[in-house]
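Q: Pasting in a structure now, in structure tokens, and then I'll have a few things to ask.
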Amino acid sequence: MNASAAVLLGFAVRARKLVAGLTAVQHGTGRKRIRLIVMDASAGQSTRQKLAAIARQSGVPIRQLGNTLTLAEIISKPNCRCVGITDAGFAKALLGSTDLIGIQTLRTDRGGD
């Protein structure tokens, strides 16, 4: 049985196995600490492009959280649009979660925004 992404992200916060924010994700991927990037569905076009470039450059998988809850609500950090998971176990569990959408299936444009 798959745990929901919200529960797994909550556990990762408590275990201090994630970093929050674009800058922290950039630094973490540069240091080879990030195992998975999770972005919010409400992330802007610029943030999406930057995260996609970071993921492509570092070889880290990237996923988008579904629309049920925002990432900021789950991790209790206002205006947070992305997190980096630093633990391989949490990353593997999140990749198996059905609440996350693969980034390659997402459209990067917002149709006129």
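Please treat every number below as a calculation from the coordinates, not as lab data. Being a predicted model, the structure only gives us computed values, none of them experimental. A quick note on method: Cβ atoms are made from the backbone with ideal geometry, for glycine too, and the neighbour counts reach across all protein chains shown.
Q: What does the net charge come to around A20 if you take all other residues with beta carbon closer than 14 Å to its beta carbon, with K and R at +1 and D and E at -1?
A: Values: positive: R14, R16, K17, R33, K77, R81; negative: D40, E73.
Counting the neighbours of A20, the net charge comes to +4.
Q: Could you pull out every one of the lysines with an alpha carbon less than 19 Å from that of K50, ignoring same-chain neighbours closer than 8 positions?
A: Those lysines meeting the cut-off are K32.
Q: Now for a separate question. Add -39500 (n - 2.57) for each DSSP H run of 4 or more in the chain, then divide by its residues: what number comes out at 222 nm, to the nearest 500 deg cm²/dmol?
A: Working: 5 runs with 46 residues, N = 113.
Taken over the chain, the calculation gives -11500 deg cm²/dmol.
Q: If Lys and Arg each add +1 and Asp and Glu each add -1, what is the summed charge of the other residues whose beta carbon sits under 10 Å from the beta carbon of R35?
A: Numbers: positive: K17, K32, R33, K92; negative: D87.
So the surrounding residues net to +3.
Q: Expressed in nm to one decimal, what extension gain is obtained for the pair S46 and V7 from 0.36 nm per residue of sequence separation less their Cα-Cα distance? Write down the numbers at each step before the final one.
A: On the way: separation 39, 0.36 × 39 = 14.04 nm, distance 2.78 nm.
Extra length from S46 to V7 when fully extended: 11.3 nm.
Q: Could you give the length gained on full extension between A53 and L95, defined as 0.36 nm per residue of separation minus the Cα-Cα distance, in nm? Provide the component values of the computation, followed by the final result.
A: Working: separation 42, 0.36 × 42 = 15.12 nm, distance 1.93 nm.
Going from the current span to full extension adds 13.2 nm.
Q: Please order I54, I37 by the number of other Cβ within 10 Å, starting at the fewest. Before the final figure, lay out the partial values.
A: Numbers: I54 21, I37 25.
Ordered by Cβ neighbours within 10 Å, fewest first: I54, I37.
Q: Positive end of the dipole of the chain, charges at C-beta (+1 Lys, Arg; -1 Asp, Glu), about the Cα centre: which of A5, T29, A15 has its Cα farthest in that direction?
A: So the residue furthest toward the plus end is T29.
Q: For the chain, give the share of DSSP beta bridges that are antiparallel, in percent and rounded to the nearest 5; count only bridges with both residues there. Please report the intermediate quantities before stating the final value.
A: Details: 10 of 13 bridges.
Bridges in the chain that DSSP calls antiparallel: roughly 75 percent.
Q: Under a no-solvent Debye model with one identical scatterer per Cα of region 5-103, what's log10 I(q)/I(0) at q = 0.17, 0.19, 0.22 Å⁻¹?
A: -0.63, -0.80, -1.14
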